[in-house]
Amino acid sequence: MQNPLLARTLRGTLTLPGDKSISHRALMFLSLARGTADVQNLSSGKDVLSTLTCLQNLGANIAPIGQNAWRVTGGQAFLAPSKPLDCGNSGTTMRLLSGIIAGMGLPAMLTGDESLSQRPMKRIIEPLTQMGAVVQALGTNQSAPLHFLQRQTPLRGVHYAMPVASAQVKSAILLAGLFTDPAESVVIEEPVPSRDHTERMLAALGAQVSLTPITLIGRRADLLSQDITIPGDISSAAFWLVGAAILPGSNLIIQQVSLNPTRLGVLKVLAMAGASVTAEETLQNVGEPYGNIQLHGGALKGDITITPEMVPELIDEIPILTVLGLFTQGMFTLHGAEELRFKESDRLKALMETLKALKVDFTAYPDGFSFEGNPDWQVPKVETPLATHHDHRLVMALEILNLRSFLPLPIEGKEWVSISYPGFYETLSRLLA
Ligand code: S3P
């Protein structure tokens, strides 16, 4: 049992900022669809703001109507942007927007910050080029800036077998596909299913997508606007769920959170750890299910095995699930997580560096790591600042670990939480109070 001197708990009922993945898509798809619609609970994170600003620079009509609420009037042709489109830290912005720009044949330059400029873009350049886009990657190893050249001829269809499971790549191809002639076929095969927000939202707005293999049936002209309420982000919920799980006596209810089945890996892993967690679907909006999750903090026991097939449904939660593993009696084993090397930082390397700094005895693999967890583990004194490589999810995972530490952990780069969760620290104080 946790040391009684450390009597912290997380307690309360909360709603979360809108899901980041769904927020990006709502702005993009409504800008393409015919008509006017309102988006409620849009993510206020910097990543989604990057998408919003880029779309406005392309001529999209998106105006604020309240707190985290925006009105999008879609259907217009986008304009060639007069300056580079700054995607900031956001891979989703750069990769999905590339699909739209390629589809429209617009000349445009897409740039990103230092982290985004190192992330792999060959994965979208390859299929978009097969479809007829002309794009130059100006960074080293086919990375950003991406320079799209103007094109008058429409894109061709494609039958693309993705080498890695990636919702961003899949979405870039589907978005580009919206601009192809309906007689062309746009078919995508995934090695393992990735998050399906694009398929759901396209279908809900009228551009049908059939599955296995993923085949785009509708085109841009089929898209009709609809008001969208964005459910809470389960990737943000994961921090509170793990925090409550490792602090016995905690009790949390998270309301109106996304329960999309392709994102529920975190709940499966909490169940493996023996956490008392339940989820109940209450509503659907624009094809997305959402509902409530309840968790009581208690004893954690069980082997946690994350297999390669499970990785896509918890890809963004691996840093926080590693924290869960540290306090769960049993083996924590992660395999098939090579993709973590290409996120906002090399998360596989960063997590192993952190385990080392915390003096955890772990085994490293090329695609993951393993260690034995212990509910009574005492976080050691750490004097050298823990590097978080400008990575929001590493910062938040370490803040949750910090709740089990007697001495505050020296965590670098706290301001980076604003990428996905600007209110993280306020919510933390509230749940601790
Ligand atoms: C996202 C897909 C995932 C995820 C990212 C958001 C999306 O990336 O890690 O945070 O919104 O499509 P990949 O598709 O590259 O795995």
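Looking at the stretch 131-160 only, could you name the residues that are of a type in the set (Gly, Ala, Ser) and either away from the ligand (no atom under 16 Å from the Cβ) or not assigned by TED's automatic domain parsing to the domain that holds residue 109 (or both)?
132, 133, 137, 139, 157
For residue 313, state whether it is within 29 Å of residue 174 (Cα to Cα), touching a Lys or Arg at 6+ places or on another chain (Cβ under 9 Å) and not in a loop (DSSP other than H, G, I, E, B).
yes
Which ones in the stretch 340-372 are among the small types (Gly, Ala, Ser), crowded, with 18+ Cβ neighbours inside 10 Å and over 24 Å from residue 192 (Cα atoms)?
350 - this is the single residue of the stretch 340-372 that is among the small types (Gly, Ala, Ser), crowded, with 18+ Cβ neighbours inside 10 Å and over 24 Å from residue 192 (Cα atoms).
Pairs, please: C-beta under 7 Å, at least 6 apart or cross-chain, first residue in a helix (DSSP H, G or I) and in the stretch 122-147, second of a type in the set (Phe, Trp, Tyr)?
127/160; 130/160
If you take the residues in the stretch 109-120 that are among the aliphatic types (A, V, I, L, M) and within 22 Å of residue 23 (Cβ to Cβ), which one is surrounded by the fewest Cβ atoms within 10 Å (Cβ to Cβ)? Full working, then the answer.
Applying the first criterion (among the aliphatic types (A, V, I, L, M)) to the stretch 109-120 yields 109-110, 116.
If we keep only those that are within 22 Å of residue 23 (Cβ to Cβ) as well, we get 110, 116.
Values: 110: 26, 116: 24.
This residue is 116.
Kindly provide the set of residues from the stretch 221-248 that are assigned to a helix (DSSP H, G or I) and within 19 Å of residue 175 (Cα to Cα), ordered by number.
The initial filter retains those residues of the stretch 221-248 that are assigned to a helix (DSSP H, G or I), namely 221-222, 234-246.
Hits for the stretch 221-248 are 221, 222.
Could you grab me the full set of residues in the stretch 162-220 that are in contact with a Gly (Cβ under 7 Å, 6 or more places away or on another chain) and assigned to a strand (DSSP E or B)?
Of everything in the stretch 162-220, those that are in contact with a Gly (Cβ under 7 Å, 6 or more places away or on another chain) and assigned to a strand (DSSP E or B) turn out to be 186, 216.
Here is a check on your reading of the model: is residue 195 within 16 Å of the ligand (Cβ to nearest atom), among the charged types (D, E, K, R), assigned by TED's automatic domain parsing to the domain that holds residue 91 and touching a residue at least 60 places away in the same chain (Cβ under 8 Å)?
Judged against the criteria, residue 195 is a match.
Given the conditions (1) within 27 Å of residue 391 (Cβ to Cβ); (2) small (Gly, Ala, Ser); (3) touching a residue at least 60 places away in the same chain (Cβ under 8 Å); (4) crowded, with 18+ Cβ neighbours inside 10 Å, and given that residue 50 satisfies all but one, which numbered condition is not satisfied?
So residue 50 meets the others, but not (3).
I need a count of the residues in the stretch 383-433 that are assigned to a loop (DSSP other than H, G, I, E, B) and touching a residue at least 12 places away in the same chain (Cβ under 8 Å).
So the answer is 21.
As an exercise: evaluate residue 337 against (1) within 15 Å of the ligand (Cβ to nearest atom); (2) surrounded by fewer than 20 Cβ atoms within 10 Å (Cβ to Cβ); (3) closer than 27 Å to residue 274 by Cα and give the number of the one condition it does not meet.
(2)
Which condition number in (1) buried (at least 17 other Cβ atoms within 10 Å of the Cβ); (2) touching a strand residue (DSSP E or B) at 6+ places or on another chain (Cβ under 9 Å) is the one that residue 167 fails?
(2)
Let me spell it out: the conditions are (1) of a type outside the set (Ser, Thr, Tyr); (2) farther than 23 Å from residue 230 by Cβ; (3) part of a strand (DSSP E or B), and residue 114 meets all of them except one. Which number is the exception?
Going through (1) of a type outside the set (Ser, Thr, Tyr); (2) farther than 23 Å from residue 230 by Cβ; (3) part of a strand (DSSP E or B) one by one, residue 114 breaks only (3).
So that you can scan it fast, the table gives a plain yes or no per residue for (1) under 21 Å from residue 417 (Cα atoms); (2) surrounded by fewer than 24 Cβ atoms within 10 Å (Cβ to Cβ); (3) small (Gly, Ala, Ser); (4) not assigned by TED's automatic domain parsing to the domain that holds residue 367:
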{"site": "242", "(1), (2), (3), (4)": "yes, no, no, no"}
{"site": "256", "(1), (2), (3), (4)": "no, yes, no, no"}
{"site": "259", "(1), (2), (3), (4)": "no, yes, no, no"}
{"site": "292", "(1), (2), (3), (4)": "no, yes, no, no"}
{"site": "295", "(1), (2), (3), (4)": "no, no, no, no"}
{"site": "298", "(1), (2), (3), (4)": "no, yes, yes, no"}
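May I ask you to list the residues in the stretch 246-280 that are under 24 Å from residue 433 (Cβ atoms) and of a type in the set (Ser, Thr, Tyr)?
Passing the criteria: 250, 276.
Can you find even one residue in the stretch 338-358 that is in contact with a Phe, Trp or Tyr (Cβ under 8 Å, 6 or more places away or on another chain) and either small (Gly, Ala, Ser) or not assigned by TED's automatic domain parsing to the domain that holds residue 409 (or both)?
no
Answer yes or no as to whether residue 39 is in contact with a Ser or Thr (Cβ under 9 Å, 6 or more places away or on another chain), in the same structural domain as residue 169 (by TED's automatic domain parsing), of a type in the set (Val, Ile, Thr) and closer than 30 Å to residue 403 by Cβ.
No, not satisfied.
The values are calculated or read from the model by the stated rules, or taken from the named source; none is laboratory data. Computed from a prediction, not measured in an experiment: that's the story for all the values here. Please note: Cβ atoms are built from the backbone with ideal geometry, for glycine as well, and neighbour counts cover all protein chains shown.
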